[in-house]
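Data block below; observations after.
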Amino acid sequence: MKFQHLLFGIAVACGTASSANADLVLDLRLDDTTRSRNVMSGSSVFVDMFLVDTDGTSVMSADGLIGAGGRIFDVPSGTSATGSFFSPGTGFVSQTPPSVPPGIAAGQVTTMLFAPPIAAVVPGAGVTVAAMAGAMEVFIGTFEVTATGGVGDTHTLTAGVFGGSDNGNTAGPVFTPVDLDGLILASGAAESVTLNVTTAAVPEPSSLFVAGLLGVAAFVVRRRKGASTKSNSVV
């Protein structure tokens, strides 16, 4: 009888997932919540991944996530960036995906056994461009991405699900999880991060002023040493 109840629960959960009308997106943001940054070739940035329920109507918003994950793609103007999963979001622990599909990085997380699902929260104002009123989100984790190429090259980073049988995003109770991957839309420009490869950072005006003072001081010291040496030689 218990087994029948379990099967019934799974059937209900699957029905809930297929009938939901929520638009879910895997959203990428830099660690300062922006979506664009100028970087030097070879330097790394930290990119946060969120699962966003753009209208707050999915089972994720009501029941939270028990598992999550995704991969990062790069559309470069030169050579592709490299990346790796850096750290899980609060409440999650990292796990190794059954398989790692194409992309520059992939990460999968889960809650501890019998731990409560990670609750969805309201996104910060103006953070989620694609979100409508009532949007909810869960922070999945942080990736480290290293830019490559020369000056003027760009990297457009987007996110996607694992695909295939690798169920990366699940909501609801542990024994009756709801698969959300089928509801996640392909990311567009609103959910992407752009890295622009530039030359070395230009110093702030205040830094230039201090450097100038130090240069003048060094010049004066050298002149004084030179004058002192000449006077001693004359004597």
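The values are calculated or read from the model by the stated rules, or taken from the named source; none is laboratory data. What you see is a predicted model, and the numbers here were worked out from it, not measured in a lab. Cβ atoms come from the backbone with ideal geometry, glycine included; neighbour counts cover every protein chain shown. Please note that ligands, DNA and RNA were not included when accessible areas were found on the heavy atoms of the full protein model with its side chains. Shrake-Rupley method; radii C 1.70, N 1.55, O 1.52, S 1.80 Å.
Would you be able to tell me the number of residues in region 101-115 that are under 27 Å from Thr33 (Cα atoms) and open to solvent by 70 Å² or more (accessible area, probe 1.4 Å)?
Matching residues across region 101-115 total 1.
Each row is one residue, and each column tells you yes or no for (1) modelled with pLDDT of 75 or more; (2) open to solvent by 40 Å² or more (accessible area, probe 1.4 Å); (3) of a type outside the set (S, T, N, Q).
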| residue | (1), (2), (3) |
| --- | --- |
| Thr146 | yes, no, no |
| Phe162 | yes, no, yes |
| Phe175 | yes, yes, yes |
| Asp181 | yes, no, yes |
| Leu185 | yes, yes, yes |
| Val202 | no, yes, yes |
| Ala227 | no, yes, yes |
| Val235 | no, yes, yes |
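Take Leu214 and tell me if it is over 26 Å from Asp23 (Cβ atoms), outside any loop (DSSP other than H, G, I, E, B) and at pLDDT 60 or above.
yes
Quick check on Ser36: is it more than 16 Å from the chain's Cα centre (by Cα), at pLDDT 90 or above and either surrounded by 21 or more Cβ atoms within 10 Å (Cβ to Cβ) or closer than 21 Å to Ala105 by Cα (or both)?
When the stated conditions are applied, Ser36 does not pass them.
I need the full set of residues from region 133-152 which are within 14 Å of Phe85 (Cα to Cα) and out of contact with any Asp or Glu (no Cβ under 9 Å at 6 or more places or on another chain), in order please.
Within region 133-152, Glu144, Thr146 meet the criteria.
Within region 11-23, does at least one residue satisfy the condition of being in contact with a Ser or Thr (Cβ under 6 Å, 6 or more places away or on another chain) and at pLDDT 90 or above?
No, region 11-23 has no match at all.
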